[in-house]
Every structure is written in C-alpha cells, then in structure tokens.
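So the structure is just underneath, and the comments pick up after that.
The values are calculated or read from the model by the stated rules, or taken from the named source; none is laboratory data. Being a predicted model, the structure only gives us computed values, none of them experimental. Note that each Cβ is placed from the backbone with ideal geometry, even for glycine, and that neighbours are counted across all protein chains shown. Ligands, DNA and RNA are stripped out before the accessible areas are found, and what is left, the full protein with its side chains, is counted by its heavy atoms. Shrake-Rupley method; radii C 1.70, N 1.55, O 1.52, S 1.80 Å.
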Amino acid sequence: MNKESTLAFNKRLFKAFQIRGMKIGAIPDMEQRLISDHLIEHGLADAAQVNSVLEEITGIQALDPTFVSFDPAFIEHITLLLPAVVAREETVFPIKHENEYIHVVMAMPQDDQCLHRLEAVTGSRIKPYCCNGSAILNAIEKYYTGRDHIGEPMSDKVEILIENALKSLNKLKTNRAEPLALVNDAHLVRLLQFAMNQLVQNGASDLHMEPRENNFKVRYRKDGVMQTAWTWPPVFKEGIIPRLKMISRMDLNEGMQPQDGSISFGLIKDRVVDIRVSSLPALYGEKIVMRILERDKKQLTLNNLGIEPGDARRLEAIIRNPTGLILVTGPTGSGKSSSLYAILNELNSEDVNIVTAEDPVEYKLDGLTQVSCTAETGLTFNTALRSFLRQDPDIIMVGEIRDSETADIALKAAMTGHLVLSTLHTNDAAGAINRLVNMGIPPYLVASAQVTVIAQRLMRCLCERCKIEYEPEVEILKVLDIAPGTMRIYKAVGCQKCSGTGYNGRMGIYELLQLSDRIIDLVLDNQPAKVLKNAAVEDGMTTLRKAAIHKLAAGATTIEEVLRVTMDT
C-alpha cells in the first residue's frame, strides 16, 4: 500500500468512526497503517464492526476470508498467480478465480494503483471485496506458508516459465481437463505475462501470436520492423489464443470470423497502456495481433515531430488559417495519427470547438469532442461528418477519407469556414490530389479548397552508442545523388542497448505540398501526380527522399533506412 493512498483512506475512516462516536485517539504512522487495524488491535472495535464500516464507506461488499474454506488445489493455483510478496505488500488475499476475473479481498479496495498492480501480475481483471487488514494478513500467513519463494512473473527466467507451462498444459490435456482449465492455467498466465511485459518494455508497438503448422511463434514489431521473440511448441495455441480472446472480451465460441477487442486494464507492469486486440482465422488456428497504446505517452507537438525547419514554419502558418483541408498521407504505421494529434494539440484552446471522428479513438485529449466510428457504434465517417456540421465546429478531424462521399463533405466543409484534418493512403503528397480526383471529386472543387498535403514516413534512428562511421560504395552514393566525401555517413552495428539491431527509436520525415496558383492550374488541367510533384519541387518542396538524406547527413540514420522507406520518383 502506498503512503498517499493509505493516508487518504485513513481520513475517510476517521470521519466514519467519529460519526459512530468512537474515541480513536492518537495513531502513529497514519501513512503506513490503517486506522481500522489499529482499532482491532487495541480492542476498540471488532472485525465485524470494522468490515461494516468499510462496506459502508466504499460501497463494496465486505468478505472475511476467515470464514471461507479453500480447496488445496485452488490455493496452489491462486498463490502462483498472486505471489506472497504482492499479497503482503498490498494487503490482499485472492478467494476465487472465475473466467477472466480473480476475486480479491482488499484492505483498500478503491486503491487504483494496487488494482493495476494486481492486474499486471495476474493478467486478470480484479473483482474487489473489502476486509480489515488483520483478517487478510492472517489468511496470508495461513495459506501462503511455504510459498514465499514464488515471485512475480518478471522475476523468473523465460526458459523456466516455458518449461513449467508446457508441463502443465500437457498434464491438463492428458487428464482431459475442461478448455477453461487450459485458459486459466497459472503457469500459462505467468508465461504470457512475462512475454508481454518483456516485449513492451523492449519497445514493441505490436505483438503477434501466430499458430503455425509445427510451432507457435511469438513475434513483435519494434521501430516498424518485425522480429521473432520466441518459437514455442504448438500446444501453446490451445491456451494462449483463447486466453487473449477471453480477457479482450471476444466470443470464445466464434473461431471462423475475425473479431476485435481490447484490453484496458493494467496488463503491463509499471506502464499504463490500452491494448487493441484483433483475431484472424488462419490455416493453423486463429492469429492474435495486439497494438499497444500508451495512455500516459507524451503527446507529440509540432516542435518535436522532426519536420524540416522551413516546412515547420509553413505548417505553423497553415494550421492557423480558419479554413482549408489538411491531408496527412502515408502507408499504415507511418505515424499519420501522431501528426494529426500534434496539430490538434497545437490548436486546442478554449476559444475553438474541435470535433473528431476516429476509428477508434486512440488517445484522449482534454477539450476535444471525440467520436468513435467503429463497427460497434455503427457510425461511419461520412455520417459523423454530416452531424459535425450541425455542431458549430471550428476544426474538424476525420480519421480517414475512405470514399467519395466523405471526401465531398470534407472539401465542402473546408470551403465554408472550417479547418478540416484527415488522412489518405497514398505514396506521396502529389498522389493525394490525384486520389481525390479519382474518387470522383471535380478538379475545380479540389483546386478551390485550400488543400495542403503532408506525406510522411517513419525511419529508424541509429543507436548512438554503437554506430560507426564508414565509406559507402560509390555506386550506392550515386543512387542517392550524394557526392563522395560530402558528408559523414554511419552504419548500424548492434549492442545491448539496442538489442543488437543497431537502431533505437524512430523519427519522421515529411514532404509538404501546398496548392500554389501554378499547381492549381495543373489540377484544373487534370495533370498526373508526377507533373504536380515536379512543379511542387520547383516551387521548393522537400521530397521524402531529400528529407531522409538530410537525416542521413546529420548522422541520425543509415543508407539502408533511406532506401527502405523512400522511393526516388
């Protein structure tokens, strides 16, 4: 129990006992010890009285483990999921495991930090009950005897966790155990908790659980690149896949259709994250992919997006216009949403009304009206956009322009006193203009809407600890139009800090296209994207390739990354 939570809860207890006319007297260490335990110890109240007060002030049912009988098999199972060190430090005791829930009696059942820790350790949702601390500690001493050697999952070696989980799963299958027994097996849960914690702490943005013909593969995406973490025996799919479906609230009985879910409890130790979960039926079983969304992640601003200084100044001026359409383009995973949130952060103030339509809402921003347009809500982007226009908006953000109807409404909104932000999937900035026309939008409408396009990619950053300078081959330099000897160039090596990859983190590169009078004429003449791009370059636009080479010259990335993420078009 942390000091702040204990002190705050003691203040509530003090008032509750005073109302009952109880003389509490001086209590030392109010930041470390609950008043209720002090009263029981000094005979000023009995356990039943204290539990009654706890139930009243928390609104949570009281339950005393002293009067509960526990099966030895349950104790062996639950003390592995919730180790003694955690139970003692948080003054909690587990009494039941039911599907994705573990029922726990707690001295402070409304302590969010404690609840998050319990969720992170057990990989389960917590159903809290209240109880005086003395009864909880007595239960811990009685039932955890001889099991103090069990620590949190992250304290074990992965090889031991894999071996224990494999033995336990094989034993359950041999004994023809119920499917739910595999899903809730303590050894399997500990292994899954270790794997997810380890990968997220290593910087993974996506976790992939993949049943294969002869094995079960755990892969992850870090800095935009897929990597294999572990390859386990195929039996693991029978426990891990349904467990992830269960805790993300998917239908366990549906295995032939894709499903979406989310895990929004404290699954990752010391990190506040939401996890978006997707299942996909495949040849050898359902594949699960999890996208990690950090609630407390520092929001990007225009100053730290990494846009070239000249383009940053232009963009700052553009977003201050009261009307217009700003499109952010790029492939999936190129950071488009982050750029939109950075712009919204810059524009967010008390004197503007900002509404957003997102699929789904990834990060919650105070001061905005954010609308989720998902299959569950049944709300589409174009329906939300039509409704927004009746909500007196100044700034509108639509997650993606997917069809001609949404594009038409967005463009017309941009021409009638609104600043509209959205995304498109195109290879470069000029391609976005042609994409709108190909959707059926008349060129004159595109030309009249003050359209600005930001194309972007994410490049891996070189690890500063292990990068080394070298002389690339002349032929490669020619491909990049770099004269030999004009810049210091580094290559990736790999060290412990970067997990042997040679890279650590990612940065954005951008090209910014504004519709000048010259480009507007080309749009009206229905010219192809290549012509529009050449005109924009002549007007001073920095292409993605040039932006990447600037990062190369700064020693921030490698030639391999420049060639991987950009095209010379």
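Quick grid of which residues meet (1) open to solvent by 40 Å² or more (accessible area, probe 1.4 Å); (2) among the acidic types (Asp, Glu); (3) under 19 Å from residue 207 (Cα atoms); (4) touching a residue at least 12 places away in the same chain (Cβ under 8 Å):
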position	(1), (2), (3), (4)
278	yes, no, yes, yes
287	yes, no, yes, yes
314	yes, no, no, yes
347	no, no, no, yes
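Given the conditions (1) farther than 30 Å from residue 427 by Cα; (2) surrounded by fewer than 14 Cβ atoms within 10 Å (Cβ to Cβ), which single one is not true for residue 331?
(1)
Only residues that are open to solvent by 30 Å² or more (accessible area, probe 1.4 Å) and touching a helix residue (DSSP H, G or I) at 6+ places or on another chain (Cβ under 6 Å): list them for the range 168-181, please.
172, 181
Go through the range 37-59 residue by residue and tally those that are assigned to a loop (DSSP other than H, G, I, E, B) and surrounded by fewer than 16 Cβ atoms within 10 Å (Cβ to Cβ).
4
Which condition breaks for residue 96 when tested against (1) at pLDDT 90 or above; (2) part of a helix (DSSP H, G or I); (3) over 27 Å from residue 271 (Cβ atoms)?
Here residue 96 meets the rest and fails (2).
Just give me the residues in the range 353-364 being in a loop (DSSP other than H, G, I, E, B) and touching a strand residue (DSSP E or B) at 6+ places or on another chain (Cβ under 6 Å), in sequence order.
Hits for the range 353-364 are 360, 361, 362.
So, in the range 254-274, exactly how many residues are open to solvent by less than 30 Å² (accessible area, probe 1.4 Å) and in contact (Cβ under 8 Å) with a residue 40 or more places away in the chain?
So the answer is 5.
Step by step: first the residues of the range 205-245, then only those that are within 19 Å of residue 158 (Cα to Cα) and among the hydroxyl-bearing types (Ser, Thr, Tyr), then the one that is least open to solvent (accessible area, probe 1.4 Å). Which residue is that?
Step by step, filter the range 205-245, then rank; the result is 220.
Listed here are the residues, each with its yes/no results for (1) modelled with pLDDT of 90 or more; (2) among the small types (Gly, Ala, Ser); (3) open to solvent by 10 Å² or more (accessible area, probe 1.4 Å).
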position	(1), (2), (3)
155	no, yes, yes
159	yes, no, yes
166	yes, no, yes
188	yes, no, no
203	no, yes, yes
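Given (1) within 30 Å of residue 230 (Cα to Cα); (2) among the aliphatic types (A, V, I, L, M); (3) open to solvent by less than 30 Å² (accessible area, probe 1.4 Å); (4) in a helix (DSSP H, G or I), identify the lone condition not met by residue 135.
(1)
So if I check each of 411, 424, which one is within 29 Å of the chain's Cα centre (by Cα) and modelled with pLDDT under 95?
424
Test residue 307 against the stated conditions and say whether it is in contact (Cβ under 8 Å) with a residue 24 or more places away in the chain, part of a loop (DSSP other than H, G, I, E, B) and open to solvent by less than 60 Å² (accessible area, probe 1.4 Å).
So residue 307 fits the description; yes.
Exactly one of (1) without any contact (Cβ under 8 Å) to a residue 24 or more places away in the chain; (2) assigned to a loop (DSSP other than H, G, I, E, B); (3) closer than 30 Å to residue 542 by Cβ is unmet by residue 367. Its number?
So the condition that residue 367 fails would be (3).
Working carefully through the options 557, 542, 486, find the one that is of a type in the set (Ser, Thr, Tyr) and at pLDDT 95 or above.
Answer to the selection: 557.
Select, from 168, 155, the only residue that is farther than 19 Å from residue 72 by Cβ and without any contact (Cβ under 8 Å) to a residue 24 or more places away in the chain.
155
Scanning for something modelled with pLDDT of 90 or more, within 30 Å of residue 557 (Cβ to Cβ) and part of a strand (DSSP E or B), does the range 335-346 turn up at least one residue?
no
Run residue 362 past the list (1) at pLDDT 90 or above; (2) touching a helix residue (DSSP H, G or I) at 6+ places or on another chain (Cβ under 9 Å); (3) farther than 25 Å from residue 515 by Cα and report the number of the one that doesn't hold.
(1)
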